[in-house]
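The structure under discussion appears below in the form of structure tokens.
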């Protein structure tokens, strides 16, 4: 596993940030004051407001109300200054089919003011960094596989000198191997840039993120490092048992039953008591701190259960 | 920003929207030529060559108008289908630089047509410098108008099907109903008024009058100029005011 010293630190401040579509609230009001570095993942259900938030930050979308500052720059009133520092790969973006990878990456760099010759050299470097096979560098992009297309889109922003990179669902639709390949690139990239990404994959957020923002119904319901999120929970420990019934009364915790067995979310103190009882009853179990999956379920899932 | 960086930004759009597609798919060259020359050829054959000069100049004007209108389809494709424009919005390239780059790319697309028609006009049409200047002015105004409408429609289009519909309507208004390949007097009277719904008609009258193919009074020609300039200015102002480079909703 490679380790990097992360040097990019970026402040994100939101005050009363609100976005409505046709009168319906899609995001906010958000009030945030965060210091971000490395990889920040914005997670949430479909329609939670992740893309709206990222598009506002990337100066693509005007909010309805409120203020937002990124790296000390007013996102709403001073977008041109910010645009020198940011780059985005939008959700569902795909490479221009009538162009080759080198042509696409170099054209994007030229939009950022780089000359053609330099842009082509940087394009080659970026394509090598994302691991695209050199034999595809000069092939039309519509001939690339889905994974290679995502790598190519990633190469466009990697090639730039943007300090802040936004990736809206960068690994959606990729197979596990291609996804891991993207993770490898992102981990390499985060040493000198801030990456803000949205994802549905909690495993991805958990393994990549230095900071996590959990959004539900347009509001930030939790934000912090994974350790912060775990510590903020009432029940930060998880016991998983293969049996569906264990005959133990859980006084201080939540029991979640599933097809595969049951999970008990509880406190450290209660966990000890429960574990002793499970050992006595000879029930197979595993124990540990809660995962991001558990946090997500606890903070978001329960609300939806209550609604049903 | 340095002039060199701005030129790179302009050149990027030209590469993306004309040079690379033509280089990677040379059939496009043939398509751009046939697109405007087809109607011209029909008019020339049906008139037994009598309308050769007006049809040639008309085809030249039409290829420029198509270049302006074409920006709408191309911008919408890059924005809606490929999300390329979203990446451009978040980059240091401004809306003005992007549109100018795309406009140049649309003209670059038609260079083979311009060369062919220019050569044919030089051979078959008696044309003076004054006529060239008059027609060029009318063409530039029409190009700005088509470009403004195209940009406006592309930025407000939410999906590609809606955009196709916009393109179809625009094409009918700017090309089908205007008598650009033949004099307006060829259209029977009750329908002639319909042609005046198209801004292209006024530009066509200016060009045809300059060539001596129709004879309009100075008042009529002045009126044609006023209307053409007014429509182009209004289209430009609306495009600047209403276009959503950074989306509002």
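For this structure, a couple of remarks:
- The set of residues in the range A:16-32 that are part of a strand (DSSP E or B), without any contact (Cβ under 8 Å) to a residue 12 or more places away in the chain and more than 10 Å from every other protein chain (Cβ to nearest Cβ) contains only A:24.
- Subset of the range A:52-74 (residues that are within 11 Å of chain B (Cβ to nearest Cβ) and out of contact with any helix residue (DSSP H, G or I) (no Cβ under 6 Å at 6 or more places or on another chain)): A:52, A:54, A:55, A:56, A:57, A:58, A:62, A:64
- Only helices (runs of 4 or more DSSP H) whose full extent lies in the range B:1-73 are considered here, and the ones with at least 3 residues that are within 11 Å of chain A (Cβ to nearest Cβ) and surrounded by fewer than 21 Cβ atoms within 10 Å (Cβ to Cβ) are B:3-14, B:20-24.
- Remark: residue A:91 matches the filter, which requires a residue to be under 19 Å from the mean Cα position of the chain (by Cα) and surrounded by 16 or more Cβ atoms within 10 Å (Cβ to Cβ).
- Hits in the range B:86-96 (condition: crowded, with 22+ Cβ neighbours inside 10 Å and not in a loop (DSSP other than H, G, I, E, B)): B:86, B:87, B:88, B:89
- Residues being in contact with a strand residue (DSSP E or B) (Cβ under 7 Å, 6 or more places away or on another chain) and either assigned to a loop (DSSP other than H, G, I, E, B) or not assigned by TED's automatic domain parsing to the domain that holds residue A:208 (or both) are entirely absent from the range A:92-101.
- Residues that are within 29 Å of residue A:48 (Cβ to Cβ) and surrounded by 15 or more Cβ atoms within 10 Å (Cβ to Cβ) within the range A:262-288 comprise A:262, A:263, A:264, A:265, A:266, A:267, listed in sequence order.
- In the range B:129-152, residue nearest to residue B:77 (Cα to Cα) [restricted to those that are more than 18 Å from the chain's Cα centre (by Cα) and either surrounded by 21 or more Cβ atoms within 10 Å (Cβ to Cβ) or in contact (Cβ under 8 Å) with a residue 40 or more places away in the chain (or both)]: B:131
So that you can scan it fast, the table gives a plain yes or no per residue for (1) more than 8 Å from chain B (Cβ to nearest Cβ); (2) modelled with pLDDT of 95 or more:
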| site | (1), (2) |
| --- | --- |
| A:34 | yes, no |
| A:38 | yes, no |
| A:91 | no, no |
| A:104 | yes, yes |
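- Residue A:79 vs. criteria touching a helix residue (DSSP H, G or I) at 6+ places or on another chain (Cβ under 6 Å) and surrounded by fewer than 23 Cβ atoms within 10 Å (Cβ to Cβ): no
- Residue check, residue A:146 closer than 13 Å to residue A:181 by Cβ and assigned by TED's automatic domain parsing to the domain that holds residue A:197: yes
The values are calculated or read from the model by the stated rules, or taken from the named source; none is laboratory data. These numbers come from a predicted model, not from an experiment. All Cβ positions, even for glycine, are placed from backbone atoms using ideal geometry, and neighbour counts span all protein chains on display.
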